[in-house]
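What follows is one structure encoded as structure tokens, with my remarks underneath.
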Amino acid sequence: MPPLFCFQVPAMNACKLHSLAWKFFWISAVTLGGGMAMVPVMQREFVEKQGWLTDDEMVEIIAVTHSLPGVIAVNMAVVVGYRLRGVAGAVASAFSAVLAPFAAIVFVAAGRSAMTGCAALDNAFLGVRAAVTAMILVSAVKLGKGILVSPVAWALASTGFVACALFGVDVTLVILLGALVGIAYIACAAVKRRRE
Amino acid sequence: MNVLLQLYLIFAKTAILTFGGGYAMIPLFRDEIVVKHAFMDGAEFANLVALAQVTPGPIGLNSATYVGMSQAGIPGAIAATLGVMTPAFVTTLAAAIFLSRVSRSGWLKDLLRGIRPCVLGVIAAAVVFFADTSVFTSPVSSLVQGGTIGVSSTGLAIFVCALIVEWRWKPAPLWLLAGSALAGILLGGW
């Protein structure tokens with residue numbers, strides 16, 4: 001199995017550092033919601049327009065950034081930045097990518113406290129919360145189609161749901177339970193390989 | 001402990017447990033912000049999740065900035081944002097530099113086979129928590145203690161409509177949320 005494209009030695013001269021930083025700044029500024037919303041814009045900009053990355057590299061970047069801990073938008077900025085300009089590129093990309101979201105929320109937080117106690121706003125937010133509930137439910141069902149493929153997966157997901165929703169169990173503990181099962185999978189795979 | 005350092009550490013710790021991003025980070029951040037540290041209540045957190053859909057950047061980053069800002073102003077916002085960035089930064093960069101031989105079918109995939117269903121379970125639990133702040137008037141978990149549960153007709157009506165619209169057409173979040181906000185004002189009064 002060859003090493004992943006995006007982890008190969010960085011192509012240091014692929015682009016200028018400041019244009020890389022600028023690209024990440026505006027990509028994160030125009031993609032509402034962050035994370036996966038950035039992918040189509042990054043694909044158009046980095047692959048089609050600039051030719052800094054290939055389609056295959058983009059696919060791998062998405063896979064890798066989803067398998068590592070942390071905020072996806074920052075993960076993507078680090079991987080792409082490192083691939084194109086090394087450590088300096090990773091630092092520049094990550095900080096550029098958080099600048100616009102940071103500014104937006106600072107303004108929101110400042111404005112929010114000035115508007116408390118307004119009935120119209122409270123009711124607007126009640127509607128918004130109901131809609132967010134629906135959005136997350138739909139996304140959970142869609143995610144479930146890909147994840148709930150075995151009895152073990154069903155058991156883990158229902159355990160996690162009941163533990164958190166009804167008994168207030170710490171979310172961290174549920175994730176750690178999943179990690180333990182993951183380690184068991186790794187052990188099984190290792191045993192299987194040795195037998196072959 | 002210094003409040004800035006505390007903000008930094010809380011968000012660094014929370015972000016390191018986030019695999020997969022997107023909605024997967026909502027339950028973890030909720031647990032930390034609402035349950036453990038009581039920086040805000042469940043309804044305000046749900047508002048923040050909605051705001052994160054219509055502002056740049058992901059919910060993890062947005063909620064860190066918001067909490068930091070509300071606890072300690074701009075310096076707090078900076079400390080919390082740096083906290084959220086740190087795990088992403090360190091693990092991804094370390095992976096990029098050292099794991100040049102991670103293969104496509106490696107141990108990471110097996111590990112995630114265990115973690116993903118659990119993440120799905122806690123996302124489903126987050127749906128319940130969000131319903132607690134909109135559709136229901138008392139937490140669903142109170143049923144376990146033999147309590148009863150009330151339903152907000154406004155919240156339920158908007159939830160059902162949003163569910164149908166989101167499932168059938170999947171509009172941009174901005175439109176769905178703007179429509180729901182308007183419906184909230186029209187049904188709930190102003």
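The values are calculated or read from the model by the stated rules, or taken from the named source; none is laboratory data. Model, not experiment: these values are computed from the prediction. Because the Cβ atoms are built from the backbone with ideal geometry, glycine has one as well, and the counts that use them run over all protein chains shown. Calculation scope for accessible area: heavy atoms of the full protein, side chains included, ligands and nucleic acids excluded. Shrake-Rupley method; radii C 1.70, N 1.55, O 1.52, S 1.80 Å.
If the condition is being facing another protein chain (nearest Cβ under 7 Å) and at pLDDT 85 or above, then the stretch B:150-181 contributes B:154, B:155, B:158, B:159, B:162, B:163, B:166, B:167, B:176, B:177, B:180, B:181. Examine the stretch B:166-187 for a residue that is over 27 Å from residue A:143 (Cα atoms), assigned to a helix (DSSP H, G or I) and not hydrophobic (A, V, I, L, M, F, W, C), and state whether such a residue exists. Yes; the residues of the stretch B:166-187 include at least one that is over 27 Å from residue A:143 (Cα atoms), assigned to a helix (DSSP H, G or I) and not hydrophobic (A, V, I, L, M, F, W, C). Restricting the stretch A:32-72 to residues that are open to solvent by 10 Å² or more (accessible area, probe 1.4 Å), within 8 Å of another protein chain (Cβ to nearest Cβ) and modelled with pLDDT of 75 or more leaves a set whose member that is farthest from residue B:59 (Cα to Cα) is A:68. Looking at the stretch A:143-166 only, could you name the residues that are more than 7 Å from chain B (Cβ to nearest Cβ) and out of contact with any Leu (no Cβ under 9 Å at 6 or more places or on another chain)? Result: A:145, A:146, A:149, A:150, A:151, A:152, A:155, A:162.
Scan the stretch B:162-176 and tell me whether some residue there is closer than 12 Å to residue A:135 by Cα, surrounded by 13 or more Cβ atoms within 10 Å (Cβ to Cβ) and among the β-branched types (Val, Ile, Thr). Checked against the condition, which is being closer than 12 Å to residue A:135 by Cα, surrounded by 13 or more Cβ atoms within 10 Å (Cβ to Cβ) and among the β-branched types (Val, Ile, Thr), the stretch B:162-176 yields at least one hit.
Of A:102, A:107, A:95, A:125, all but one fail to be buried (at least 21 other Cβ atoms within 10 Å of the Cβ) and assigned by TED's automatic domain parsing to the domain that holds residue A:31; the exception is A:102. For residue B:109, are the conditions met, namely being surrounded by fewer than 19 Cβ atoms within 10 Å (Cβ to Cβ), among the basic types (Lys, Arg), under 30 Å from residue B:2 (Cα atoms) and out of contact with any strand residue (DSSP E or B) (no Cβ under 6 Å at 6 or more places or on another chain)? No.
Of B:156, B:174, B:186, all but one fail to be in contact (Cβ under 8 Å) with a residue 12 or more places away in the chain and either farther than 28 Å from residue A:168 by Cα or among the β-branched types (Val, Ile, Thr) (or both); the exception is B:174. The residues listed here are A:120, A:110; of these, the one that is assigned to a helix (DSSP H, G or I), modelled with pLDDT under 90 and either more than 27 Å from residue B:152 (Cβ to Cβ) or under 22 Å from the mean Cα position of the chain (by Cα) (or both) is A:110. For the stretch B:52-77, a residue qualifies if it is open to solvent by 20 Å² or more (accessible area, probe 1.4 Å), more than 20 Å from residue B:122 (Cα to Cα) and touching a residue at least 12 places away in the same chain (Cβ under 8 Å), and the qualifying residues are B:54, B:70, B:71, B:72, B:75. Put simply, of B:46, B:38 the only residue that is facing chain A (nearest Cβ under 9 Å) and either within 22 Å of residue A:166 (Cα to Cα) or open to solvent by 10 Å² or more (accessible area, probe 1.4 Å) (or both) is B:46. Here A:98, A:108, A:132 are screened, and the one residue that is facing chain B (nearest Cβ under 7 Å) and touching a residue at least 24 places away in the same chain (Cβ under 8 Å) is A:98.
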